[in-house]
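The values are calculated or read from the model by the stated rules, or taken from the named source; none is laboratory data. Since we're looking at a predicted model, the values are computed, not measured. Cβ coordinates were reconstructed from backbone atoms using ideal geometry, including for glycine residues, and neighbour counts include every protein chain displayed. For accessibility, only protein heavy atoms count, side chains too; no ligands or nucleic acids. Shrake-Rupley method; radii C 1.70, N 1.55, O 1.52, S 1.80 Å.
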Amino acid sequence: MFRNAATPCRGAIGSPAMHFRRRLATVAQSTKPPTAVVLMNLGGPKDLDSVHSFLHNLFSDGDLIPIPFQSYAAKFIAKRRTPKIQEQYAQIGGGSPIHMWTERQAKMLEERLDKASPATAPHKSYVAFRYTAPMTEETIHAMQRDGVQRAVALTLYPQYSCSTTGSSLNELWRNLKDLDPDQKIKWSVVDRFPTHPGLVETFARHIEKSLATYPESERKDVVLLFSAHSLPMDVVNRGDPYPQEVAATVQAVMERLGHSNPYRLIWQSQVGPKPWLGPKPDAVLEGYAKLGRKNLLMVPIAFVSDHIETLFEVDVEYGHLAKEKGITGFKRVESLNDDPIFIDAMADIVQTHLAGNKPVSNQLPLRCPLCTNEKCGEQKEFFKGQRL
Ligand code: GF9
Ligand code: FES
């Protein structure tokens, strides 16, 4: 005989059989392997002793800086640059806060995802830094110990560059070939989110909060200087998507602000003798000082947490230069860090991605028009070919 919802089995509620079935369901749920969310970012030395290995790993990255005799050159350059970089980290408290912020972001994201997407719960966050621990290899081992079968590679760079997210994905692909040859873990990728409304909202609110600290009579003339990490011109000219995507974020934020202020997009952190995308902040500060601009508000637009480029370069170096040049209203907006609105945005991005059931975006498979790095092609094919 058939029973339907309208005619429940008499006496089932609270019966020993029902109780047992419920308990089984709970156990089954808690032993379900977690959906892994792997937060990818650059990493940074957590203390002064880690500076050398950080630099060594950075200069060993052939996807970022292809140099002849890479391993020898990396040793040499890292050793030569370590003292100066140590001094910079000493001035921001003795190390990079990126570990602390990324761990916080990971934990908060995990909690929100379990609430927002019960179908894919439980979620477990992992961190994979490119140049400091925990690095990709260690993270994959941890995921294997946890029995992960489904993973999302989530970049923490809002805009895609082959030198950032591309390098992290190449590193992930290389490690997976060795560590998971039978492809027990199915992967999908969140490769960029330059104009996500939650991201834009968080930037906009941080800008509004800083603008409110200027005298009301000067507020609408404060120049917003959106500042992103620069790229070498050869990277730009091979067709890297990053400059366009950074500009898209800036445009979306300005639209959200109703174009309340004048603004420019500028490019910081150039190093070495090669040509880089500009204008750079020191030249910009000098130019605007000459043009009589006293109120400049820096907006870091390409990183989601504090790091040496905000805490040292902007706050210390450019802060000092601004003072010298008579720019009395030089300030910086707060980084996104653990702002709950930003974490909500990340949760929305991952949840929407999981519901879409697609391994990669339509952009990821397209290589730069002038790409000569065969690894990029293989990485893209690998992630595109995932069968979820
Ligand atoms: C970057 C973000 C965007 C060597 C330095 C001596 C090179 C480089 C970058 C881009 C970081 C964060 C971009 C080089 C050579 N690049 N940095 N490219 N970095 N340093 O090609 Cl959000
Ligand atoms: Fe952009 Fe290879 S450098 S795809």
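Listed residues ASP240, ASP234, ASP191; which is within 16 Å of ligand 1 (Cβ to nearest atom) and more than 21 Å from the chain's Cα centre (by Cα)?
Just a single option satisfies the conditions, and that option is ASP234.
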task = Scan the stretch 278-287 for residues that are open to solvent by less than 30 Å² (accessible area, probe 1.4 Å) and of a type in the set (A, V, I, L, M) and jot them down.
result = VAL284, LEU285
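Scanning the stretch 59-111 for residues that are among the charged types (D, E, K, R) and closer than 20 Å to GLN270 by Cβ, which turns out farthest from the chain's Cα centre (by Cα)?
My answer is ARG80.
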message = Suppose the filter is closer than 17 Å to TYR214 by Cα and either of a type in the set (Phe, Trp, Tyr) or free of Cβ contacts under 8 Å to residues at least 40 places away in the same chain (or both); does GLY319 pass it?
response = yes
note = Within the stretch 332-363, the residues that are among the acidic types (Asp, Glu) and either more than 17 Å from the chain's Cα centre (by Cα) or open to solvent by 40 Å² or more (accessible area, probe 1.4 Å) (or both) are GLU334, ASP338, ASP344, ASP348
request  = Would you point out which residue out of LEU199, LEU176 is crowded, with 23+ Cβ neighbours inside 10 Å and in contact (Cβ under 8 Å) with a residue 60 or more places away in the chain?
outcome  = LEU199
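Please specify each residue of the stretch 56-69 satisfying the condition of being part of a helix (DSSP H, G or I) and open to solvent by 40 Å² or more (accessible area, probe 1.4 Å).
HIS56, ASN57 - these are the residues of the stretch 56-69 that are part of a helix (DSSP H, G or I) and open to solvent by 40 Å² or more (accessible area, probe 1.4 Å).
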ask   = Among the residues of the stretch 76-98, which ones are open to solvent by 30 Å² or more (accessible area, probe 1.4 Å), out of contact with any Phe, Trp or Tyr (no Cβ under 8 Å at 6 or more places or on another chain) and not aliphatic (A, V, I, L, M)?
value = PHE76, LYS79, ARG80, ARG81, PRO83, LYS84, GLN86, GLU87, GLY93
key: Subset tally (residues that are touching a helix residue (DSSP H, G or I) at 6+ places or on another chain (Cβ under 6 Å) and within 16 Å of ligand 2 (Cβ to nearest atom)) for the stretch 66-96   = 1
request  = Confirm whether ALA247 is among the small types (Gly, Ala, Ser), part of a helix (DSSP H, G or I) and crowded, with 17+ Cβ neighbours inside 10 Å.
outcome  = no
key: The one condition in (1) in contact with a strand residue (DSSP E or B) (Cβ under 6 Å, 6 or more places away or on another chain); (2) farther than 21 Å from GLN105 by Cα; (3) within 16 Å of ligand 2 (Cβ to nearest atom) that GLY166 fails to fulfil   = (1)
inquiry  = Please verify whether PRO300 is buried (at least 18 other Cβ atoms within 10 Å of the Cβ) and away from ligand 2 (no atom under 16 Å from the Cβ), treating the condition exactly as stated.
reply    = yes
note = Within the stretch 364-388, restricting to residues that are within 16 Å of ligand 1 (Cβ to nearest atom) and part of a helix (DSSP H, G or I), the one that is most open to solvent (accessible area, probe 1.4 Å) is LYS375
query = For the stretch 358-386, how many residues meet the condition of being within 9 Å of ligand 2 (Cβ to nearest atom) and closer than 19 Å to LEU176 by Cβ?
reply = 7
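If you check SER188 against the conditions, is it of a type outside the set (A, V, I, L, M) and within 16 Å of ligand 2 (Cβ to nearest atom)?
Working: of a type outside the set (A, V, I, L, M): yes; within 16 Å of ligand 2 (Cβ to nearest atom): no.
So SER188 fails the test.
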ask   = For the stretch 122-163, how many residues are within 16 Å of ligand 2 (Cβ to nearest atom) and charged (D, E, K, R)?
value = 1
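Look through GLY258, GLY278, GLY239 and report the one residue that is more than 16 Å from ligand 2 (Cβ to nearest atom) and at positive phi. First the steps, then the outcome.
On the way: GLY278 fails: at positive phi; GLY239 fails: more than 16 Å from ligand 2 (Cβ to nearest atom).
Only one candidate passes the filter, namely GLY258.
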